[in-house]
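Q: Take this structure, written in structure tokens, and hold onto it; I'll ask about it next.
Please treat every number below as a calculation from the coordinates, not as lab data. Keep in mind the model is a prediction, meaning the values are calculated, not measured. Don't worry about glycine lacking a Cβ; one is built from the backbone with ideal geometry, like all the others, and counts go over all protein chains shown.
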Protein chains: 2
Amino acid sequence: MKFEISDRMSKMKGSAIREIFKLAGDPNVISLAGGNPAPELFPNKELSEIAKELLETNPVLSLQYGVTDGYVPLRDLVKERLKAKENIGTEDDELIIVSGGQQGIELVTKVLINEGDVVIVEEPSFIGATNAFRSYNAKLVGVPMEDDGLCVEELKKAIKENKNAKILYTIPTFQNPSGNTMSIEKRKEVYRICKENNILIIEDNPYGELSFTDEKLPTIKSMDTDGIVAYCGSFSKVIAPGLRVGFCIAPKELVAKMVVAKQVSDVHTSMLPQLLVYEFMKRYNLDEYIERNRKLYAHKCQTMLDAIEEYFPKSIKHTSPKGGLFVWCDMCGDYDTGEIAKEVVKDNVVFVPGSTFMVDMEKKCSCFRLNYSTMSDEKIVEGIKILGNALKKIVE
Amino acid sequence: MKFEISDRMSKMKGSAIREIFKLAGDPNVISLAGGNPAPELFPNKELSEIAKELLETNPVLSLQYGVTDGYVPLRDLVKERLKAKENIGTEDDELIIVSGGQQGIELVTKVLINEGDVVIVEEPSFIGATNAFRSYNAKLVGVPMEDDGLCVEELKKAIKENKNAKILYTIPTFQNPSGNTMSIEKRKEVYRICKENNILIIEDNPYGELSFTDEKLPTIKSMDTDGIVAYCGSFSKVIAPGLRVGFCIAPKELVAKMVVAKQVSDVHTSMLPQLLVYEFMKRYNLDEYIERNRKLYAHKCQTMLDAIEEYFPKSIKHTSPKGGLFVWCDMCGDYDTGEIAKEVVKDNVVFVPGSTFMVDMEKKCSCFRLNYSTMSDEKIVEGIKILGNALKKIVE
């Protein structure tokens with residue numbers, strides 16, 4: 001049978017990162033590609049005890065069908081934490097537990113976007129999100145990133161030129177892939193502009209807690225007195241990604257429809273992972289664990305930046321993130337990092353070419369993304385050295 | 001902000017069953033509504049030991065990101081089992097692990113259906129599936145059920161009248177909600193008709209292993225020499241539903257696109273539940289556990305049928321299933337079981353009105369669905385007695 005693939009999916013290709021990720025499973029490969037958290041930080045002993053106890057003593061709760069919007073005590077706990085730490089959540093908001101932050105983005109899209117509607121994205125942006133929008137046949141419009149967040153003038157222009165813009169997707173803090181953070185002035189301005197133009201903001205914040213400094217900017221959602229922000233969060237980067245537990249807090253009306261969409265997608269998020277997250281947060285101090293994450297990633301980031309200084313050609317620009325998982329590099333010239341990635345993989349080093357994060361993924365791109373959270377210090381240095389040597393041959 | 005909900009989702013309402021399910025959590029309520037497996041059969045002790053060991057000894061596998069198409073050893077094991085038990089799987093097929101059988105249906109829909117395309121469904125049919133189709137703005141066309149499966153003449157008519165029919169959705173074995181099973185002659189005929197008309201068959205088989213007899217009919221997928229069947233299965237009814245682990249085996253080309261769609265939906269199915277299913281199947285004899293299920297459900301079904309004979313008005317027709325979880329009743333007259341459900345809930349008994357399973361959910365319906373897998377024998381009898389008394393007041 002010859003399948004006629006739906007319009008929305010016919011042009012979709014798999015994420016290059018996910019493909020590279022398969023390769024990255026090879027222990028001989030130095031992966032600077034994925035966004036995998038450091039596995040040495042997983043609280044596996046704690047989760048092991050909790051899992052044993054839950055399954056032994058509470059089989060119905062752990063193994064029977066649950067409700068679609070999520071395990072109520074977990075929802076309450078996350079709401080409480082968001083309120084206390086971020087001043088997020090009003091009476092008009094509701095919170096839904098999702099199967100990883102990715103599902104929050106996908107559900108908002110399904111609920112709001114008709115084919116052809118415009119979604120404005122930072123450029124570069126997270127491919128999981130851009131592909132979610134593509135998978136509903138949204139038209140993507142990119143707004144260039146600057147060191148202090150998206151270019152506000154370009155955002156205004158994009159809105160003016162696209163009357164059917166319905167969503168702005170942004171990662172204001174430690175953005176993926178650029179590593180940059182939006183200034184407080186821009187946060188306020190972006191909120192104001194979107195409110196004025198009736199555009200929903202998806203604020204994706206999986207990395208916000210992974211700060212290397214004590215500086216803390218308010219989230220856009222904390223300014224949301226008008227009910228225009230859907231805030232997506234995740235336990236992937238602070239507990240463990242394999243659990244697939246995240247959340248989305250958004251205006252009630254929107255969440256009610258997301259619950260309906262989630263019913264037909266996976267009925268509910270797997271109970272045991274939800275319970276593991278809940279019990280872990282109840283029994284342990286999550287902030288202490290996050291503290292360990294912050295220290296380790298700050299160190300790993302510095303290790304990578306030092307190696308870049310030592311081994312990369314001087315003509316290559318790079319960001320110096322204050323948190324999160326990624327460094328963004330620009331070869332500043334007429335280069336195709338997609339081709340370079342294919343070469344460097346022969347030396348057992350993988351990274352993600354910049355085109356992956358662009359609206360037009362076919363166009364060649366001189367940028368690339370590096371991750372420092374997964375590999376050991378030694379491998380980070382070795383990987384950057386190998387990559388640096390390859391880059392020198394090209395640019396010098 | 002006033003949200004403009006997408007066309008596909010604007011008319012969608014939550015599943016009535018899921019709403020009733022919330023009520024069913026009340027221990028005072030006798031629930032004949034959901035499709036919850038008997039919790040006393042969950043192998044929770046076994047899973048408890050496995051979970052503890054996995055998290056303790058293999059944190060990276062259990063907690064790090066996994067691949068989108070599923071944990072490879074689990075995929076291989078399920079393929080092996082399907083081949084051995086059902087003669088399912090050709091060189092042109094591929095298998096994807098999904099977050100419950102529901103996700104298999106949703107992904108096939110997303111990949112194949114454009115808004116307005118026709119999906120043919122048995123009528124009555126499973127609301128999780130019909131709502132998944134609705135959520136992509138498919139046009140549903142119902143084909144009436146008969147005791148031996150869907151009416152073939154009506155199927156032919158539906159195809160003739162709907163040139164853009166792309167999918168037939170069927171639950172041939174112990175259908176939800178009717179409890180009926182499609183005869184082997186009809187299976188062959190349905191396959192032939194769909195092949196001739198280039199229509200993909202989604203064969204949903206969550207209950208196939210829950211047979212009360214030793215009679216076993218071949219699945220439609222086992223006849224699939226032409227690559228026209230996507231077969232959805234689940235561990236929800238044979239291990240535990242809260243895990244949210246299922247699978248779909250379908251032509252490679254289709255599965256490749258489903259993997260792309262799953263990437264943007266939940267990245268991958270939670271690792272720990274996948275590993276629990278895998279290790280459980282490796283260490284224990286799943287068939288022995290299924291045997292316990294079959295015996296218990298056969299007994300519970302008979303308990304319900306006996307109670308129906310004793311307490312229901314004689315004018316009410318019901319099916320006598322040979323497997324699965326449901327009995328389907330018809331009041332045979334101008335009755336609205338939606339209204340009756342609202343009355344009976346006051347006596348703490350819940351069931352699902354028939355309109356839930358119809359293409360036109362607004363039309364009043366004289367049928368209703370009863371579940372016997374969740375409640376104790378005593379509660380089944382008590383529930384049927386209360387319901388019978390209420391029905392007698394109406395029909396006599």
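Q: Quick check for me: using +1 on Lys/Arg Cβ and -1 on Asp/Glu Cβ, what's the dipole size of chain A about its Cα centre, in debye to the nearest 20?
A: Dipole magnitude for chain A comes out near 540 debye.
Q: Let me confirm one metric for peptide B:223-229, namely the mean number of other chain beta-carbon atoms within 10 Å of its residues' beta-carbons.
A: 1
Q: Run the label-point distances for A:GLU49 please: 7 Å along Cα to Cβ, every other copy, nanometres, shortest first.
A: 2.2
Q: Kindly identify region A:112-259 as rounded, prolate or oblate by the Cα gyration tensor criterion: order the square roots of the eigenvalues as a ≥ b ≥ c, call it rounded if a/c is under 1.5, otherwise compare a/b with b/c, prolate if a/b is larger, else oblate.
A: It is rounded, given that a/c, with a ≥ b ≥ c, falls under 1.5.
Q: Using modelled backbone amide H atoms (1.01 Å from N, in-plane), which distant-in-sequence or interchain residues come within less than 5 Å of A:VAL352's amide H?
A: Answer set, sorted by chain and number: A:ARG369.
Q: Over all residues in A:236-244, what is the mean tally of Cβ atoms on other chains that come within 10 Å of each residue's Cβ?
A: 6
Q: Averaging over all projection directions, find the projected area of the Cα convex hull of region B:237-396 and quote it in nm² with one decimal place.
A: With the hull built on Cα positions only, its mean projection is 12.6 nm².
Q: Sticking with this structure for a sec: What does the charge count near B:CYS232 come to, summing +1 for each Lys or Arg and -1 for each Asp or Glu among other residues with Cβ under 11 Å from its Cβ?
A: Summing Lys and Arg as +1 and Asp and Glu as -1 gives -2.
Q: For region A:80-173, evaluate the Debye formula with one uniform point scatterer on each Cα (no solvent term) and list log10 I(q)/I(0) at q = 0.25 Å⁻¹, rounded to two decimals.
A: The calculated log intensity ratios at q = 0.25 Å⁻¹ are -1.24.
Q: Still on this structure, I have one more. How large is the translational diffusion coefficient of region B:99-148 in µm² per second when you combine the Kirkwood radius over alpha carbon pairs with Stokes-Einstein at 25 °C and 0.890 mPa s?
A: Answer, rounded: 218 µm²/s.
Q: Then there's this: At A:GLU378, with labels set 7 Å past Cα in the Cβ direction, how many nm apart are the copies from this one, shortest first?
A: 6.5
Q: Now a separate question. Which semi-axis lengths, in whole Å and largest first, follow from the square roots of five times the eigenvalues of the Cα gyration tensor of the protein assembly as shown?
A: 46, 27, 27
Q: While we're here: With θ taken as phi - 60° and the coefficients 6.51, -1.76 and 1.60, list the Karplus ³J(HN,Hα) couplings across region B:184-189 in order, rounded to whole Hz; mark glycine and proline as x.
A: Rounded to whole hertz, the list is 5, 4, 5, 4, 5, 5.
Q: Taking N as the number of residues in region B:292-365, what is its alpha-carbon radius of gyration divided by 2.2 N^0.38 Å?
A: Normalised Rg, Cα atoms only: 1.21.
Q: What whole number of Å gives the distance from the Cα centroid of region B:267-305 to the Cα centroid of region A:341-396?
A: Using only Cα atoms to place each centre, the spacing works out to 46 Å.
Q: When you count, for each residue, the other Cβ atoms within 10 Å and take the mean per peptide, how do B:253-261, B:230-238 rank with the highest first?
A: Top of the packing list down: B:230-238, B:253-261.
Q: 5 Å is the cut-off here: which amide hydrogens, built 1.01 Å from N in the peptide plane, fall below it relative to B:GLU146, excluding neighbours closer than 5 in sequence?
A: B:CYS151
Q: When a/c is below 1.5 the answer is rounded, else prolate if a/b is larger than b/c, else oblate, so apply that to region A:207-263 with a ≥ b ≥ c taken from the square roots of the Cα gyration tensor eigenvalues.
A: Because a/c hits 1.5 or more and a/b fails to exceed b/c, region A:207-263 counts as oblate.
Q: Here is a follow-up. Once amide H atoms are built 1.01 Å from N in the peptide plane, which residues 5 or more positions from A:LYS139, or in another chain, come under 5 Å H to H?
A: Residues meeting the criterion, in which the H sits 1.01 Å from N, are A:GLY116, A:ASP117, A:VAL118, A:VAL119.
Q: Residue by residue, what Karplus-based ³J(HN,Hα) values in Hz, rounded to whole numbers, does region A:328-338 have, using 6.51, -1.76 and 1.60 with θ = phi - 60° and x for Gly and Pro?
A: Taking θ as phi minus 60°, the curve returns 10, 10, 10, 6, 6, x, 7, 10, 10, 5, x Hz for region A:328-338.
Q: Sticking with this structure for a sec: Output the relative contact order of chain B, whole-number percent, from Cα pairs under 8 angstrom with separation of 6+ residues.
A: That works out to 24 percent.
Q: Under the Karplus relation 6.51 cos²θ - 1.76 cosθ + 1.60, θ = phi - 60°, what is the ordered set of whole-Hz ³J(HN,Hα) values for region A:271-285, x standing for Gly and Pro?
A: Values, residue by residue: 5, 4, x, 4, 5, 4, 4, 4, 5, 4, 5, 6, 8, 10, 8 Hz.
Q: Can you compute log10 of I(q)/I(0) for chain A with the Debye formula, treating each Cα as one identical point scatterer, at q = 0.12 Å⁻¹?
A: The Cα Debye sum returns log10 ratios of -0.97.
Q: As a test of the definition: which semi-axes, in Å, follow for region B:1-144 when you take the square root of five times each eigenvalue of its alpha carbon gyration tensor? Largest first, please.
A: Equivalent ellipsoid of region B:1-144: 32, 24, 19 Å, largest first.
Q: What is the magnitude of the charge dipole of the protein assembly as shown about its Cα centre, with +1 placed on the Cβ of each Lys and Arg, -1 on the Cβ of each Asp and Glu, and no other charges, expressed in debye to the nearest 20?
A: For the protein assembly as shown, the charge dipole is close to 580 debye.
Q: Distance between the C-alpha centers of region B:73-117 and region B:152-166? Whole Å please.
A: When both Cα centres are located, 25 Å separates them.
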